[in-house]
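Structure first, then comments.
Please treat every number below as a calculation from the coordinates, not as lab data. What you are looking at is a predicted structure, and each value in this text was computed from that prediction instead of being measured. Cβ atoms come from the backbone with ideal geometry, glycine included; neighbour counts cover every protein chain shown.
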């Protein structure tokens, strides 16, 4: 198997409901954080941000952009800086694999990531008594002091690999490997698949006219693409989190 | 000076004795399994001669590991033999639909993902290659646990120096890596971790 | 021989050097590092076989089918069911963490009476005493279920009143009931066939109705298109998520929706855009312009745009009759793409009186929203699985939680077609919890059981020969072998969907334009959430990100 898993997210279909954020947190055993956690110290491997056209009143337009690890293909910044080799670009799947078990918590990768897609465990993961029974057995729980991020739902990749092996097949059935966010999206805004396969719908969509990637100029070759017919979104997308177009709450 | 050498040597010997004899004994402590189970008896008496008669792979690739009480209840709904342990099984577990809290010899940490489906079906490995001929044993293996790490002695292997050990003795990451290297199977981190 | 200090030091040196050549330091290093990664307070997931089951969520009246991964008898993962025709695999955003709710710290596990721990016997005795002392009312927040039948039977036999507490969305159908004589519970929206939808502040794309339904319709027909097949016009005081996604956002001032509806109606009539003739005061236009902040010309344009792509459906957030009247003017009541009457007998439902102080006791079923707190001196018996805090009920009675109750799911309130499902309890109902039906059954053991009532309903569906059962395959009821088989299918997670709605024009005429009524302020998303508490992961949406506004009231 030599795949390049990636996504095309249709920003015209994203309603900002946050189902992807919740489904991601539930699938990956992300703990609910104490009341003092904020947007800066929280853990949201999938995070939906708001974009606006910068105007006010009736002229204002807003849109939503789901941000997760871009699984950069070229000169992956976090891989380059990690002193522990706790993160690696997998040759077989194209997933940038974060190993929290190897991480020593220096957070150099968080500084290096141009997309702010990495999160640090500032607190011990805690769930109310008994709630650990609802944890996903396919994902190990991290400890305090390590960085985590989206791993493209490796637990689901693992079960699809096991299912294929049990059936005597070498390749997984693409219908068996669907990350939680893709499955949760009520409007079907997230398209997921193998970018290396030209016939895969995600590959076709990635080559579409309205498709772009964030921060193309730094040439990290992210595998998460975005698609929109609205030019103001394209212009605002690169500045999300950095400029006046980041829409704050309220 | 000679005396100094003797004292030094004495200390050296004491350390070597502690390190090689006392330490391995103290590090591990034995624990009792909830029931005594003999593989050979079952293989001979009930025609369950294959490992996967009880340790089965599901169609979705999930591995049963140590079989659940339901599997035992397939034959042991009532006592079929005379042993005390079987009586315990039937009374305390089968009839109450409870699972014995087996101590798993090959228990790996939660962040390890080992797929029996991939290793037995795709790679065609025999069970004995990693687990030895345990299926033919007429005694139950003693379960020893490392007091500090909490894992079974089978993971490190019985030899504290890891020298001169049986091929299947030891299931640390280096053992997995060694076998992968010999068979030229490359995997990324997510290939074995979760 | 005396042992000197030098001997000690040399001996120690010997031991130290020797230790390096033993496994001690190296093994300890490895083992201690493993020990440091296994703190006992870091929880571990279960290691068990994972089985997949299908069930129905019963947190709200939509009853979305869910695919649940179960391990150790508990759900460890939730996803939707793609083959379901109503939800198409979608769930509400917080629904993906619903399986954590049963362990919420606010989970109610014992009977409480005014703050102190009591027990079921005391509660039952108190209820029986109340029934003998004066009028009692049972309030049902989700009428139409099998347990509702149990409550109604109890009410009839014991001279107890039975009332309902409807959500604002359900109340939106009340005006049509007044104008047609058909019960409001028979109405739904035919979203799939509308080509223009005008929403007056209704959060259509924010977990509204059956969450996946409109999201899919909008995604297929409207998203990203400059000239979409479905035009969504959102009339909203703020730029909500729905407004941001709409084809047009009409920004008005808070509370002026009804005035705008009146003005639009005036223009529709004045400009002969609709055949209906209703007298609407001409001052409506200026009033609306003043209240909404829109120019009269803009309102006129809006009225014309409404009819560019027909059929047009108007959706109100609550029971405001002026907004509902627009649908009548547009001739959309009982028409495809409009407000449709579903098949099946409607239910005559009486909402709880505004002032319930004539009652000696009020029993609130767990389905009644937590915020519903009648102002009364009556003794209030409140069923709930979680204590949402701030409640003034005298008795808090622990109910079964998520997936713990064996119940059924009647037609979802805004659906265009009838539907029915059985929600079996995939998790055993905990000791010490009871549903309202179960408590009443201990008072009167002659009441029908929920199981029996559900079997009867399956038989009714079977004999009607209408609709189809959507499970792994789709099977028409007319071709099913027996009612028992139908029930079996429903018990394994399939749902029954009835035929397409009747679209013969209903006799619905407005004699006069409705008088202005007070608009209920819009509740925030946390109040709309049906359970008394939010799943713990909800904080991801407002605390650990800026996606949603933080709830006004602490609902954690």
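For the pair residue B:71 and residue C:279, what calculated FRET efficiency results from E = 1/(1 + (r/R0)^6), where r is the Cβ-Cβ distance and R0 = 45 Å, to the nearest 0.05?
Details: r = 79 Å, r/R0 = 1.76.
Once rounded, the FRET efficiency stands at 0.05.
Can you give the average number of partner chain beta-carbon atoms within 10 Å of each beta-carbon in peptide C:93-105, as a whole number?
The shielding value for this peptide is 6.
Using only Cα atoms, locate the centre of segment A:71-146 and the centre of segment B:169-186, then give the distance between them in Å, rounded to an integer.
25
Just for the protein assembly as shown, what percent of DSSP beta bridges are antiparallel, to the closest 5?
Details: 60 of 96 bridges.
Bridges in the protein assembly as shown that DSSP calls antiparallel: roughly 60 percent.
Out of all DSSP beta bridges with both ends in chain C, state the antiparallel percent to the nearest 5.
50
Counting pairs of Cα atoms in chain C, how many percent are more than 34 Å apart?
47
Suppose only helical runs count, i.e. DSSP H with n ≥ 4. What mean residue ellipticity at 222 nm does that imply for the protein assembly as shown under -39500 (n - 2.57) per run, divided by all residues and rounded to the nearest 500 deg cm²/dmol? Could you put the intermediate results ahead of the total?
Details: 32 runs with 273 residues, N = 1000.
The helix contribution divided over the protein assembly as shown gives -7500 deg cm²/dmol.
For labels at residue B:125 and residue C:156 in the simple 7 Å Cα→Cβ model, what's the distance in nm?
The answer from the label model is 6.8 nm.
What FRET efficiency comes out for residue B:87 versus residue B:177 if R0 is 51 angstrom and r is the Cβ-Cβ distance? Round to the nearest 0.05.
Using R0 = 51 Å, I get an efficiency of 0.70.
Measure off 7 Å from each Cα along the Cα-to-Cβ vector at residue A:217 and residue C:178, then give the distance between these two points in nanometres to one decimal.
Rounded to a tenth, the inter-label distance reads 6.0 nm.
What's the Kirkwood radius of the protein assembly as shown in Å, using all Cα pairs?
The answer is 32.0 Å.
Please report the spacing between the Cα centers of segment C:1-25 and segment C:237-309 in Å, no decimals.
For segment C:1-25 versus segment C:237-309, the Cα centre distance is 94 Å.
I'd like the distance separating the alpha-carbon centroids of segment C:340-385 and segment C:99-118, in whole Å.
Comparing the Cα centres of segment C:340-385 and segment C:99-118, I get a distance of 21 Å.
Can you work out the FRET efficiency for the pair residue B:102 and residue C:476, with r the C-beta to C-beta distance and R0 = 51 Å, to the nearest 0.05?
The value I calculate is 0.55.
Nearest 5 percent is fine: what portion of the DSSP beta bridges confined to segment C:169-345 is antiparallel?
Close to 15 percent.
Average the reciprocal distances over every distinct pair of alpha-carbons in segment C:467-549, invert the result, and give the Kirkwood radius in Å.
It works out to 18.5 Å.
For segment A:118-248, what are the per-bin percents of Cα-Cα distances with bins 10 Å wide, up to the bin holding the maximum?
The distribution over segment A:118-248 is 10, 27, 34, 24, 6, 0, given as percents.
For chain B, what size does the Cα cloud have along each of its three principal axes, sorted from largest down, in whole Å?
Sorted largest first, the three principal extents are 75, 45, 29 Å.
I need the fraction of alpha carbon pairs in segment B:102-194 separated by more than 16 Å, rounded to a whole percent.
Cα-Cα pairs in segment B:102-194 separated by more than 16 Å: 61 percent.
Along Cα→Cβ, 7 Å out, is where each label goes; now give me the distance between the ones at residue C:309 and residue B:30 in nm to one decimal.
7.9
Percent of Cα-Cα pairs per 10 Å bin, from 0 to the last occupied bin, for segment A:5-237, please list those.
7, 30, 37, 20, 4, 0, 0
Mind telling me which of A:129, A:236, A:155 comes out most flexible in a GNM of chain A, alpha-carbon contacts under 10 Å?
Largest GNM mean-square fluctuation: A:129.
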